[in-house]
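So the structure is just underneath, and the comments pick up after that.
The values are calculated or read from the model by the stated rules, or taken from the named source; none is laboratory data. These numbers were taken from a predicted model, which means no experiment stands behind them. Don't worry about glycine lacking a Cβ; one is built from the backbone with ideal geometry, like all the others, and counts go over all protein chains shown. These accessible areas exclude ligands, DNA and RNA; they are computed on the full protein's heavy atoms, side chains included. Shrake-Rupley method; radii C 1.70, N 1.55, O 1.52, S 1.80 Å.
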Amino acid sequence: MAHSRTGGGSGGVTRALRGGLALTLAGVASATLLSSPSQAASGVNIGQRYNDGLDSRYSVTSFTSAANAMGYDTLGYTGGRSATNTFNDGTGAAVLGLFGHANAGIFQTDEGPTDAEDAILAAGTATDVVSPYANLRFVSEYFPYVEVDDMRLMVLAGCYTSLNGPWGNFNDAAVSRGVDSVISFSGLVYFPATSSGTSIGLTNYSGNYFWDRFGYHTKTGVTISTALYRARTDLVAKEGSAGGWNNYVIRGAVGNPADVRLKPAGNGEPLNSQPLAALPFTTFSRLTPTASTTTEGPDGAELTDVTTAEGIQYRQRQDGTVLDAVGTASTEGEVTLSAAEARTAAQDFAKANVPGFGADWRLVTDETTSHIEGDAVRLLRWRTVVDGRDAAREVTVELDRRTGAVVSFSAARGTADSAAFPVTAEQAEATARELTGDRTTAATVVADTWNASRWTVTFDRAPTGWSEARVPDADRVEIDARTGEVLSRTTA
């Protein structure tokens, strides 16, 4: 019987624990613990607590536990892993997960005494690049469609892992080697930032919570894309922010990498399917349910998970309202809706399906986005407003600009019932600077209410360009606007 195991940086194996900051996820099989590729575990996950406090250990242990529950004999390393061991782990693995610091084309699998001694798994590029790293391996070193051809999922849970950089593009490199499905991210993503000695069990928030919920949803048998969107909804419901994890990108060597399922892990089941693009619908009551089951929501309450004949899956609360829904975007054809038309259609859908939605909600996001190759999606997000500040309700609609169909929807809400800000923005910034020790970086200070009135202070020390071969450096500190207490610290 498979059981959850977590290995430290020294190669020791212990019972799985949890933890995390912003990093990459990819299942890896350990060459240190296993004598040959034929004996490799079918999954490996790697993360750690970095020197800057980014703590992704909970992501490793929670997803390792989920993978083992689905039949993958998985190892989890919470003390980092050398680039060579990480590369060797990938050979023959079904799941490879990296969680932590990353940038376009590079992932930091372990931390050395100096930056030049950090362990880096890079994508691979045909262009000669002078590397500042001594411990460097490339995904492109795998023999195409041989060494990682059986890899069902690679997760690169770190900042900008879907983008091009001097060391190549992870998606292109992995797909060219035969990886079925690759999850990467197009922007900054945040993990908990902890002090030395912090228990893994105390870090189930931000990015760690996202991957904990992703593991939960994959165990129910839903597709990779559905698990990602539901994890995003759950994180927003818990904290009022997606932390960048909504910017996921799915690529892969199979025909529809977004439709890959991790459960069941056994042989014989279809790898993926080719679902039809969702057609426009106005309300959930017009859909035709074909199956339903119960699942646990982000607050522990029971939800009804409904599958419909129209290809829409949605989760419904006990009061009958819909928490979120996921469909399939088109990938071919002419884009027919302008940005303004998409905005109007999304707003009309929200009015029809969200009690209380109206003109007093603030549109906070209106942008193009892409999760799968060839889609043409417009993302719109609204928040309620109290005293000029964003309040404790959020609605997100993603609309297919070819068909006008809603391909994802969520309506999350926090627990705060009032807003009070006796702590000033200046006081909140001072508290954040004291905590981080940052006296010089310009701060962005934003007020909102979710589970409490809060100030979010962000210090972004991002490098000026990918050629610097550095990972992003950003801190976010949440301050209770009523008491001045630090609610959380996260880093990217």
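With the Cα gyration tensor of region 262-351 giving a ≥ b ≥ c as the square roots of its eigenvalues, does the rule (a/c under 1.5 for rounded; else a/b larger than b/c for prolate; else oblate) give rounded, prolate or oblate?
Details: a/c = 2.24, a/b = 1.19, b/c = 1.88.
In terms of gyration-tensor shape, oblate.
Peptide packing for 280-290, 438-448, 106-116 was compared via the average number of neighbouring C-beta atoms within 10 Å per residue; ordered from the highest value, the list is 106-116, 438-448, 280-290. Looking at region 133-212, the chymotrypsin sites (Phe, Trp or Tyr not before Pro) that sit in a DSSP loop and have at most 16 other Cβ atoms within 10 Å of their own Cβ are 145.
Rounded if a/c is under 1.5, else prolate if a/b is larger than b/c, else oblate: which is region 366-429, with a ≥ b ≥ c the root eigenvalues of its Cα gyration tensor? Prolate, since a/c reaches 1.5 and a/b exceeds b/c. Positive end of the dipole of region 93-238 (Cβ unit charges, origin at the Cα centre): among 138, 112, 101, the Cα lying farthest that way belongs to 101. Summary of packing: across the peptides 305-315, 349-359, 239-249, 320-330, the per-residue average of other C-beta atoms within 10 Å ranks them, highest first, as 239-249, 320-330, 305-315, 349-359.
Just the number, please: carbon plus sulfur as a percent of the accessible area of region 125-199, 1.4 Å probe, no ligands or DNA/RNA counted. Don't jump to the answer; show the numbers that get you there.
Details: 1460 of 2910 Å².
Reported share for carbon and sulfur atoms: 50 percent.
Taking amide H as placed 1.01 Å from N in the peptide plane, the amide H of residue 77 sits under 5 Å from that of 7, 45, 46, 47, each at least 5 places away or on another chain.
Within the chain, DSSP assigns beta bridges of which about 75% are antiparallel (rounded to the nearest 5). Bridging of residue 263 to aspartates and glutamates at a Cα separation below 19 Å is possible for 73, 149, 150, 180, 212, 296, 305, once same-chain residues fewer than 8 apart are set aside. The distance linking region 219-280 with region 376-420 is 20 Å (Cα centroid to Cα centroid, whole angstrom).
For the pair residue 363 and residue 134, the difference between a 0.36 nm per residue extended length and the Cα-Cα distance amounts to 77.7 nm. DSSP finds beta bridges in region 40-198, and of those with both partners inside it, around 30 percent are antiparallel. Charges were assigned to the Cβ only: +1 to each Lys and Arg, -1 to each Asp and Glu. The resulting dipole of the chain about its Cα centre is roughly 720 debye.
Which of the lysines could a cross-linker bridge to residue 238, judged by Cα under 25 Å and excluding same-chain residues fewer than eight apart? By straight Cα distance, residue 238 reaches 219, 351.
Shape analysis of the chain places it in the oblate category; the axes a ≥ b ≥ c from the Cα gyration tensor give an a/c of at least 1.5, with a/b not above b/c. Think of a 1.4 Å ball rolled over the protein heavy atoms: the chain then has 38 Å² of accessible area per residue.
The Kirkwood radius of region 334-474, taken over pairs of alpha-carbon atoms, gives through the Stokes-Einstein law at 4 °C and 1.567 mPa s a diffusion coefficient of 73 µm² s⁻¹.
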